[in-house]
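The values are calculated or read from the model by the stated rules, or taken from the named source; none is laboratory data. Small disclaimer: the values here were computed from a predicted structure and weren't measured. Heads up, the Cβs are rebuilt from the backbone with ideal geometry, glycines too, and the neighbour counts pull from every protein chain shown. Accessible surface is based on the protein model in full, side chains and every heavy atom, while ligands, DNA and RNA are left aside. Shrake-Rupley method; radii C 1.70, N 1.55, O 1.52, S 1.80 Å.
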Amino acid sequence: MKNPRKKIRLLPPELSNQIAAGEVVERPSSVVKELVENSLDAGAKSIEAVIENGGQTLIRVTDDGRGIDAEQLELAVTRHATSKLAELEDLMNISSYGFRGEALPSIASVSRFRMVSAPQAEDGSTGEASSIDVLYGGMKGVAPAALNRGTVVEVAELFSNIPARLKFLKSPATEQKKIQELFIRLALARPDVSFTLKSGSRELVRFEAGQSLARRLAILWPPSIVDALRPFDMTVGGMHLYGLTSDPRSSQPRPDRMLFYVNGRAVNDRLLMKAVRQVYQGRLTSRDYPQTVLFLDLPAQDVDVNVHPAKNEVRFRDEQGVFTAALRAVGTALASVPLTSERFAERAAISSAPEVPTFGFTQPVAAPAEPSERHAEAAPRPAPKPLGFWGEADAVRIMKKPQPAAPRFDPEEQAFTPRHALREETEPERDFFAPLSKFDKSNSRSSAEIPSEPVQESAPLTAHEKKAELASSALPSPDIPATPEVSPLNDFRWLGQVARTYLVFAQKDDALLILDQHAMHERIFYEKFRRGGSRGMAQPLLVPLEMELHPAESSRLLELQDTLTTLGFELSNRGGRCFVQAIPPEMDRSEALAFLREALSGRVDDLDSVWIHHACATAIRAGQHLSREDALNLVQKWLQTEEPDFCPHGRPCAVTLEKADLECLFKRRQA
């Protein structure tokens, strides 16, 4: 049986209102948003919202705004009726939160709706109050009411006439949380207005008028996070960007504390989020997010707010300009943060760095030429880095940037280039306090390659042997002298290497400095590669490597050909196969093959990522023994880098422990 042909017809007003409600009113929090924004558009300076049962049973919003005249109450709950637009040009110059004239009629079509309003006259006096009731879209008319000032809107039994919508609501506690989050976002944008949110008679949150942004955030976020926030304020190209952003040390694994506002409107904008995350690139890992509250004010004609029914997304006329402005503005906040590393150098008289050992594999590095414009664009110099893990313990700068007379990487320089290295991401986490015998030694180099005695496994000690070991522990050892020698770093004493990963120094009796050898060496190599790569030096292969390429990998190879040549690869693509005739000297065949697979797969998606990946593959690893001399030489080369605080992946290279920090760890004092 064929389906009968149906005629086109106009939808009944009640049905069209419910369809519109599906776009505008997703859940109770959407109702709160629309009502509070209406209050702000009405010039309110005090707003109170009361909810019951997660907003399903009741939502009441009270304000002290200008109110609505009695003769306009019916229009207020009629679709496409608004006081905020008059002609087409107004749509490109939106300065209010609402403008479509759909919110109130949509809400009234799916609830028991009541609005009472007392209009304010031109002279500031308040006129007679009136009310209007709407029952699931059916208007009940206007009647006199009692109200001193402003407007009160009550929304009861939300979605009761649409069971299908009602069953999609979450638990009352979940809906209440969403309301609270959205209410807070609105409050952060208007510090001149007081906001109160209650659940029944219980107050959930209150913001007094006149509070600063930092004060309002202090009500919401832990003190350790708020104290580390840095202000920024910049006007560029007709755009004003201001707000607060966090110290990278207080990052978190979720983006829920990244809040963006465009012309006072809370938005979810990927462009602004991408810009902020790029500022933190190299300071945070890819899994972490900063805490940022960013306000962007720009001419109304340069932003389109009419791209989403809920008005929580926008589109910019000049996306690149906005992106660059956000980069610069947030970057200024981080530029003022003291570096962990500079505090070390302030106390350390750094001599000229000696030739750095290469653990038996000497690799001279030619002087780099100036990077090409393409390289310079792909790898901009990062802004200075933030405070260390221990907050105020790193408030003083520990490592002052040296001013070498000669270029940092000169022809006579010897680079750290161990033959065998693995990506750090593949290495297991190591227990800081565990004995070395616990660690997996599958990644360790052979004794012939290590410039010191190898660590021997031993059987469990007997009680007698333990006493003997304790008695002999005061004797000097090759790695941790009983009386540590003063290092070339002035008053910092070398204590030794812990877990074959961390280099430990003591600064007189005041502090411990703990350095991650892999992260430090990554930073050294990353800056070297970024300045000029391996200068095309290549190690010819007696038997070329062959790789079968997917069509996507062949295309990627064409894009990366110049970069790979700079790194030291010589390769060609013939018949869907890649033939590698030479590789960088610091890689072996398996490492070169793995690196190419990674690069051609697209997992490293820009030039800077290639440098980072190459630096990680080349650097000495966690778990590799270093002698005292090698460790000190590594530290001195690291101190000469431009951005020593963090490795290219964003992990810290240095951590300091002051006396106060140790007292907190041992519970001698409260944090």
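Assorted remarks:
- Surface share of carbon and sulfur [accessible, 1.4 angstrom probe, percent] for region 142-205: 53 percent
- Per-residue SASA remark: residue 313, around 80 Å² accessible (1.4 Å probe; ligands, DNA and RNA not included).
- Per-q log10 I(q)/I(0), region 239-319, q = 0.17 Å⁻¹ (Debye; single scatterer per alpha-carbon; no solvent): -0.68
- Phi to ³J(HN,Hα) by Karplus 6.51 cos²θ - 1.76 cosθ + 1.60 over region 198-207, Hz, x for Gly, Pro: 10, 10, x, 8, 8, 7, 8, 7, 9, 10
- Rounded percent of accessible protein surface that carbon and sulfur make up, region 491-532, 1.4 Å probe: 48 percent
- Across region 311-318, rounded Karplus estimates of 3J(HN,Hα) from the backbone phi angles (6.51 cos²θ - 1.76 cosθ + 1.60, θ = phi - 60°) give 6, 9, 10, 9, 9, 9, 5, 10 Hz, Gly and Pro being marked x.
- Accessible area per residue for region 238-335 is 39 Å², calculated with a 1.4 Å probe on protein heavy atoms, without ligands, DNA or RNA.
- By accessible area with a 1.4 Å probe, ligands and nucleic acids excluded, highest first: order of 653, 664: 664, 653
- For q = 0.13 Å⁻¹, Debye-computed log10 I/I(0) when each Cα of region 522-671 counts as one equal scatterer: -0.68
- Cα-based shape type of region 627-668, given that a ≥ b ≥ c are square roots of the gyration tensor eigenvalues and the cut on a/c is 1.5: oblate
- Average accessible area per residue (Å²) across region 150-232 - probe 1.4 Å, nucleic acids and ligands excluded: 48 Å²
- The calculated Kirkwood hydrodynamic radius for region 505-569 is 15.5 Å, given to one decimal from all distinct C-alpha pairs.
- Backbone amide hydrogens, once placed in the peptide plane, bring residue 308 within less than 5 Å of 313, excluding anything fewer than 5 places away on its chain.
- Ligands, DNA and RNA left out, the 1.4 Å accessible surface of region 266-325 is 42% carbon and sulfur atoms.
- Convex hull of region 99-179 built on C-alpha atoms - directionally averaged projected area, nm²: 7.2 nm²
- Estimated from the Cβ-Cβ distance and a Förster radius of 22 angstrom, the FRET efficiency linking residue 192 and residue 300 is about 0.65.
- Amide H contacts under 5 Å for residue 646: 653, restricted to partners 5 or more places along the chain or on a different chain, H placed in the peptide plane at 1.01 Å from N.
- Long-range amide H partners of residue 126 with built H, under 5 Å: 121
- Pairs from the table (33/170; 33/177; 6/140; 177/667) lying more than 24 angstrom apart at Cα are 6/140; 177/667.
- Phi-based couplings in Hz for region 321-335 (Karplus 6.51, -1.76, 1.60; Gly and Pro marked x): x, 5, 4, 5, 5, 5, 4, 5, 5, 5, x, 5, 5, 6, 5
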